[in-house]
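Notes follow once the structure below has been shown.
The values are calculated or read from the model by the stated rules, or taken from the named source; none is laboratory data. This one's a predicted model, so the numbers in the text were calculated from it and none came from an experiment. Here the Cβ positions follow ideal geometry from the backbone for every residue, glycine too, while neighbour counts run over all protein chains shown.
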Amino acid sequence: MNDIKSKILVVEDEESIRRFITLNLSAVGYEVEEAENGEKALAVLGRFRPDVTVLDLMLPGISGFEVCKRIREMMPETFVIMLTAKGQDTDKILGLELGADDYMVKPFNPFELIARIKAMLRRRTHFQVDRRVVLQSGYLCLDLVAHKFFKKGVEIELTPTEFALLKMFMENQGKALKRNEILNAVWGENYFGDTKTLDVHIRRLREKIENNPSEPNHIKTVWGSGYRLQAAQDWSAT
Ligand code: CA
């Protein structure tokens, strides 16, 4: 997929910020649509089919959280990058738990936003040039062509970030991976965010792939360092 033709939906009620983001994204060649509130964003979504949605959390009417949840239900294949106000750490975590892929704290540098969008789109491009078709770890199976995930033969929907994360684990099975290594591989080189982003995504991924997320037998925590995927072979475990 060509970055240049990618579509970005900008959801932000403050006109000056919205215009600023749009101008910057248009300048590097993205096709941009704007929505000044959640209702409009949800109305535009199905028609515009954005590759990435830049979503402000503080919106009048339907909140950014609700919009994020609905986007995840309607279009699991789109990336969501949310905009939060400084010091709103709980917002950040809640947003990630509702399925956002990344966040930026206002005020932010537009070049950083563009860098993150590019990293997201690269994540998806990688899948399309990958020559391996299916990755397997015990009874977990990742179909790279159909972009589907199966656990014991049952399909489970993953967000693009969860998919990229699991793909990276499967390609490095049995290896202890440091948090920074994982962030660089999945979120892009020179990721500016903190490792909390990764921990929340791991938690969400565990909820989907583990039999018991609080006692994971696939994605193991490597204390003080990061995570390791190991192949769980016990098909009878529930
Ligand atoms: Ca706002």
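What about residue 45, is it more than 14 Å from the chain's Cα centre (by Cα), away from the ligand (no atom under 12 Å from the Cβ) and crowded, with 18+ Cβ neighbours inside 10 Å? Yes: the conditions hold for residue 45.
Considering region 7-40, the residues that are touching a strand residue (DSSP E or B) at 6+ places or on another chain (Cβ under 7 Å) and of a type in the set (S, T, N, Q) include one that is farthest from the ligand (Cβ to nearest atom), namely 26. Of all residues in region 78-90, those that are modelled with pLDDT of 85 or more and not in a strand (DSSP E or B) total 1. For region 160-174, the criterion of being surrounded by fewer than 21 Cβ atoms within 10 Å (Cβ to Cβ), at pLDDT below 90 and charged (D, E, K, R) is met by no residue.
Of the residues in region 54-70, at least one is crowded, with 17+ Cβ neighbours inside 10 Å and of a type in the set (Gly, Ala, Ser).
Residues that are part of a helix (DSSP H, G or I) and more than 23 Å from residue 6 (Cα to Cα): does region 110-124 have at least one? No - not one qualifying residue is present in region 110-124.
Of the residues 80, 28, 52, the single one that is among the β-branched types (Val, Ile, Thr) and free of Cβ contacts under 8 Å to residues at least 60 places away in the same chain is 80. Note on region 50-74: among residues that are among the acidic types (Asp, Glu) and outside any helix (DSSP H, G or I), the one that is nearest to the ligand (Cβ to nearest atom) is 56. Checking residue 181 against (1) more than 30 Å from residue 63 (Cα to Cα); (2) in contact with a helix residue (DSSP H, G or I) (Cβ under 7 Å, 6 or more places away or on another chain); (3) part of a helix (DSSP H, G or I), which single condition isn't satisfied? Looking at each condition in turn, residue 181 falls short on (2).
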